[in-house]
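Laboratory data are not the source of any read-out in this text; all were calculated from the coordinates shown. Worth saying up front: this structure is predicted, and the values here are computed from it rather than measured. Using ideal geometry, Cβ is built from the backbone for each residue, glycine included, and neighbour counts are taken over all protein chains shown.
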Amino acid sequence: MDKDLTRNDLGETEYEGSLDSDEEGEAEDAGDEEQISDDREGEKISARPPIVRLGFFRRVKALLFDLLIVSLFWIGATGLAAGFLSVPILDLVAAAAVPLALLFCALLITYLFLFLFFLGETPGGRLVTPKDGNSAE
C-alpha cells in the first residue's frame, strides 16, 4: 500500500495514495469541505477596532498632547545640537530659527505619519478616547 501523509488547513492528517477505502474517504472529505466553506462564508470578522468619534474638545486635547510629545523631542534635539556646538540654546534658536522650525515640522509630520499609517491613531487620540466607547462628552 502506497500512503503519503499530508495536512489540510484544519491540521488534520490526510492519507493520499492507494487505500482500501479511498472512495469512502473522498465522499466524507467532500462533505466536510462543503460544511467548512459554508461556515467561513457566514463569518465576517472585522480587523479594525470600532471607530469612536472624539468630539471637538477631546480632539483638541489629543492634538495638544501630540504637539507636547513632538515638542519634547524637538527640545531634546535642539539641546543636543546646542551642546555639541557649545552654544546656549536661546542663541542657537535666535540664530537658526527657520531651520529649527523646519526640524519641528519634519518631526511632527514623521510622528503623525508613523502613528496614523501603522496604528491608525496617535497616542493623544488613544489617551482621550472614552473607556466605555461612548462619543458623548
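Structure values in brief
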{"quantity": "Percent of C-alpha pairs per 10 Å bin, segment 56-128, short to long", "calculated": "19, 42, 25, 13, 0"}
{"quantity": "Charge context of L112, other residues only, Cβ under 13 angstrom, K/R +1, D/E -1", "calculated": "-2"}
